[in-house]
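Student: Once you've had a glance at the structure underneath, I'll fire off some questions.
The values are calculated or read from the model by the stated rules, or taken from the named source; none is laboratory data. In this text, all values refer to a predicted model and were calculated from it rather than measured experimentally. Note: ideal-geometry Cβ built from the backbone for every residue, glycine included; neighbour counts use all protein chains shown. Protein only, heavy atoms only, side chains kept; ligands, DNA and RNA dropped before computing areas. Shrake-Rupley method; radii C 1.70, N 1.55, O 1.52, S 1.80 Å.
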Amino acid sequence: MPEITIELEIPLLLSGIEDDRDECLGRLATAMQGQKGLNRAHLERDNKPVALCLHYDPNVLSLADVKRLAERAGAQIANRYHHDVVTVEGMDCSDCARVIEHSVGRMEGVLAVNVNYAAQKMRVEFDSQKTSPGAIEKRVQSLGYTIPTTGLQSWYQENRELLFSLISGLLLLSGWAGEIFFGLPSVIALGFYIAAYIFGGWDISQHAWHALKEKHFDTDLLMVIAAIGAALLGEWAEGALLLFLFSLGHALEDRALDRARAAIRALADLAPKTALVKRDGQEIELPVEQLQLDDVVIVRPGVRMPVDGAVLAGQSGVDQSPVTGESAPVDKTAGDQVFAGSVNGEGALEVKVTRLAKDSTLSRVMKMVEEAQTQKSPTQQTVEKFERMFVPAGLIVTALLIIVPPLFGVPFQVSFLRAMTLLVAASPCALALGTPASILAGVAQAARSGVLVKGGVHLENLGRLKAIAFDKTGTITHGKPEVTDILAINNETMNNTAPPHSGAGEQLLALAAGIESRSGHPLAQAVVRAAQGKGLAFPTIGDVESLTGRGLRAIVDGQTVLIGNLKLMTESNVSVLDDGRAHIERLQGEGKTIVLITVNGALTGVIAVADTLRAEAPSTMAALKRVGVPETIMLTGDNARVGQAIANQVGLTDVRADLLPEDKLTAIRDLVRKFGQVAMVGDGVNDAPALANATVGIAMGGAGTDVALETADVVLMGDDLSKLPFAVGLGRATRAIIQQNLIISLGVIALLVIASLTGWASIGVAIIFHEGSTLVVVLNALRLLGYK
C-alpha cells in the first residue's frame, strides 16, 4: 500500500452466493486482477447473506466502480450501499473540508467521505440501513454549512459572505475615518469596530467553533484567536482589518473558483430540458425525464439533441464537439448514433431513444466528472498530511512566542502582537488551495475538450508519463480491416478488388468466411464482409473451437480445418511450402496480416488482411515527443514484420509483436518496471487487464462504448487519437502549476513567519500577503481553463 492510500473495508452484501469459498475467491481474483485501487477481497460467511469485504482506495475507485467489479465476478449485490455527490456551500477555506470529512465520517453507516473545497462537492458512501442522505445533509448543516436552495434564498446564500465582508469593511472604514478625521468619540468608534468584527467574523467564527467541537484545529480558528488577541490588547482596528481582509479574500477566492465550477456546470446545461416526441400520432413536448426507451423524438435544425439515440429518418451534419471534442460536424443518416447535448445541423432528424435521460452519455460523464472533483490527488493528500502537523506546530510556536520573549525583557504587548501576526503568517490557506484548485480547473478543461479524466491522481499521472503503449487494432488503425489478397496453394493469386481468374480463390474465401462467421474478431469480420461482397454461399460448418490468440478449429464435411496465424500452424505441425513462404513474407513485408487455412493438416491457402492507419497517428506520435513522451510502443498480436512496417509508417519507437492478451499484460508490467510511469491506450474492451495495470489506462471512443467509460482512467470521448497529446500536455501543465503554487504558498509562509518573528510585519501586512498569495494561487490555477 502506498503511504498516501486510504484503506477502507466495505461489506458489500451479496445474495445467491452458495459456491465453495475458494471458487468464489478465484472468480473474484480473476475479475479484479490488477485493478488499481482495489487491494484485496474476502468472503465473510458469518453474515446472511454472505458478505464480500473489499479493501479499496476511494480516491481511485468509487463505490459504483467497486460494485461493477463485484458484479462482473458474478455477484448479485443487494441494494443497500449507495454513494451521493452533494454540493456544499459556505466553506471559506480548505480546512472546512476536513472538518466536514471528520464529522460526517464519524456518523454510523458512513463508509467513506471526501470533500473538495475548490469544487464545493462532497462524495459520501453510506449504508442505507444505518443512515440516509437527509441525515447526512443535516449533519453538514449543523456544522454551519449550507446545501444549495433556489430563488432569493439561493442568491442570498451565494452572496452572503461577500455582502457581510463588504459591510464589515464599510463599518471598519467608518470607525477609523471617523476617529482620525472627524473627531468621533472612541466609544462610538469602538462600536463600529465591534460591528465590523461581527460581520467580518460571522462565518469563520462558526466554522472555528464547529472545528473546535470536532477537536480539529483549522485556519479559521487561528484567525479568530488572532482577532480576539488583537481586541484584548485594545487593537480593535487591527483585528477588524484582519477579519475584513480574511473574509473578503475568501469571498473573492470563491468567485474566482466559480469560474472553474461554471465550466463544469456548463456541461450539465448542454442537454435540453424538454423534447418533441411522437406519441399516438401526435407531436407533444415532454420533459426529457419522461421519455421512454424506443420513443421517437423529432430534432429540428439547429437544436440540441435531448437524448442518446439512433437516427430513424433524416440526414444532417451534427456538431458532437460538446460531448466528444470533435472539431468538425459528423454526417448522420438512418442507423447512426447521436448523443444528448450535440447540436443538430441543417436537416431535421427523427431519433429513437436508446438510453433514458439519466443514462445518457452526457449524464454519465457529468456524474464521473463530479466524482473526479471529489477525489484527492497524491499531492493534495501529501499537503494535507503536512498541514495536520504544521497547524498544531504553529500554535505551539505562537504560545512560546507569547511566553518566552517577556522573560528576556521584551514587552508583553509587543510579544503578543508578534504572536498574533505569526498565527496569520502560519495559516496555510494558499498551500491547501493550490492543488485542488488546479485539479478542478484541469478536469474541467479536459471535460470541455472531450477528454474525461476520472480524478486528480490520473491527471497528475498524465503529467508524469515517460512512455505510452498502444494497442494496434482500433487505436493506431481504424479497427476495420479489409481483405486485400487471396492466395490459393495452387499458386493462383488474386487481388480482392478484381474478379478471380478461377473458382479456387472463391472456394477458399467461402470456406474461411463460413468458419470466421462464428468469431467476432475484426480480422474474422473482414473475411466475412469480403465473402458477402462477392455473394458467396458459405459451406455447412460443424463444431467450431476458438483457440485464443491463434485462430479457430472447425469440422467441415467431416474434415478438420484450421484457420489462424503462423503460431497456430507451427503448434499444429503444418509445413509451409517454399513458394507459399515467399508469398507470405512478401505480404507481411507490405504490413499486411496473414490468415492461413489448412485442411486435414495440409496448407490450402492464405488470405491477406490490412487495416487502414489513422490519418492522425503520425502527427500524434510527433506531438507526444514534443510534449515530453520519448517512448511510444505498439503492442500487437501480429507478427514482428507487420508490426514493424506499421511502426515505421507511424513513427513509433518500439514494437512488441506476437502477443496474446495475457502477453500484453506482461508487456505493460515490464514497461512499468523499465520506465516507471507508463500509459496504455486501447479500446477498453479486450485491453481491460492492460489498461488496469498501466499507470494510466486510456480508452478511445468513450462516447460510443459503455465499457470504455467504465474501465479506463482517462477516456478520449471522440474516436480521435489526436486528443492524446492534449491530455498529456494538460497533465504536465497541471503538475507545473501545482508546483508553482506550492512554491508561492510555501515561500510566502516562510517570508511572513520570519517577518512576524522579527517584528517587521504587522497583522494587517501579514493578512494582506496571506490573502494575496491565496488569490494568486487560485488565479494561477485558473490559467488551465485556457489550456490548448
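Student: With N denoting the number of residues in the range 350-425, provide Rg(C-alpha) divided by 2.2 N^0.38 Å, to two decimal places.
Tutor: Working: Rg = 26.1 Å, N = 76, 2.2 N^0.38 = 11.4 Å.
Dividing the Cα Rg of the range 350-425 by 2.2 N^0.38 Å gives 2.29.
Student: Beyond 19 Å between alpha-carbons counts as too far, so tell me which of K67/K723; K121/K454; K273/K358; K367/K788 fall in that bin.
Tutor: Listed pairs above 19 Å: K67/K723; K367/K788.
Student: Ordered by residue, what ³J(HN,Hα) values in Hz, to whole numbers, does the range 672-679 give under the Karplus form 6.51 cos²θ - 1.76 cosθ + 1.60, where θ = phi - 60° and Gly and Pro are x?
Tutor: 5, 5, 6, 10, x, 10, 10, 9
Student: Apply the Karplus curve 6.51 cos²θ - 1.76 cosθ + 1.60, θ = phi - 60°, to the phi angles in the range 469-482 and return the couplings in whole Hz, x for Gly and Pro.
Tutor: Each residue's phi maps through the Karplus curve to give 9, 10, 6, 6, 6, x, 10, 6, 10, 6, x, 10, x, 10 Hz.
Student: Let me ask you something else. Given H placed on each backbone N at 1.01 Å, which residues far from D485 in sequence or on other chains put an amide H within less than 5 Å of it?
Tutor: N496, A608
Student: Taking a ≥ b ≥ c as the square roots of the eigenvalues of the Cα gyration tensor of the range 360-491, is the shape rounded (a/c under 1.5), prolate (a/b larger than b/c) or oblate? The partial results should precede the final answer.
Tutor: Numbers: a/c = 6.39, a/b = 3.66, b/c = 1.75.
Prolate, because a/c is 1.5 or more and a/b exceeds b/c.
Student: Could you sort the peptides 168-177, 129-138, 742-751 by per-residue average Cβ neighbour count (10 Å cutoff), highest mean leading? The partial results should precede the final answer.
Tutor: Details: 168-177: 19.8, 129-138: 14.3, 742-751: 17.1.
Highest mean packing first, the order is 168-177, 742-751, 129-138.
Student: How large is ³J(HN,Hα), in whole Hz, for each residue of the range 354-365 in order, when computed from phi with the Karplus curve 6.51 cos²θ - 1.76 cosθ + 1.60 and θ = phi - 60°, using x for Gly and Pro?
Tutor: 10, 9, 5, 4, 6, 10, 5, 4, 5, 4, 5, 5
Student: Taking H placed 1.01 Å from N in the peptide plane, check which residues at least 5 places from G347 or on another chain put their amide H under 5 Å from its amide H.
Tutor: G317
Student: Please label the shape of the range 716-781 as rounded, prolate or oblate, based on the square roots a ≥ b ≥ c of the eigenvalues of the alpha-carbon gyration tensor (a/c under 1.5 means rounded; beyond that, a/b larger than b/c means prolate, else oblate). Could you put the intermediate results ahead of the total?
Tutor: Values: a/c = 8.21, a/b = 3.73, b/c = 2.20.
Prolate shape, in that a/c is at least 1.5 and a/b is the bigger ratio.
Student: Which order do the peptides 297-310, 618-631, 428-441, 333-346 take when ranked by the mean count of other beta-carbon atoms within 10 Å per residue, highest first? Working shown, then result.
Tutor: Working: 297-310: 20.3, 618-631: 16.8, 428-441: 29.2, 333-346: 18.6.
Packing proxy ranking, top to bottom: 428-441, 297-310, 333-346, 618-631.
Student: Can you tell me the accessible area per residue over the range 748-788, all protein chains present, probe 1.4 angstrom, in square angstrom?
Tutor: Details: 1810 Å² over 41 residues.
Per residue, the range 748-788 has an accessible area of 44 Å².
Student: Ignoring ligands, DNA and RNA, please state the percent of accessible area on the range 571-658 from carbon and sulfur, probe 1.4 Å.
Tutor: Values: 1800 of 3620 Å².
Within the range 571-658, the accessible surface is 50 percent carbon and sulfur.
Student: Another question, then. Please work out the average accessible area per residue across the range 339-466, using the 1.4 Å probe convention, and give it in Å².
Tutor: On the way: 4030 Å² over 128 residues.
Value for the range 339-466: 32 Å² per residue.
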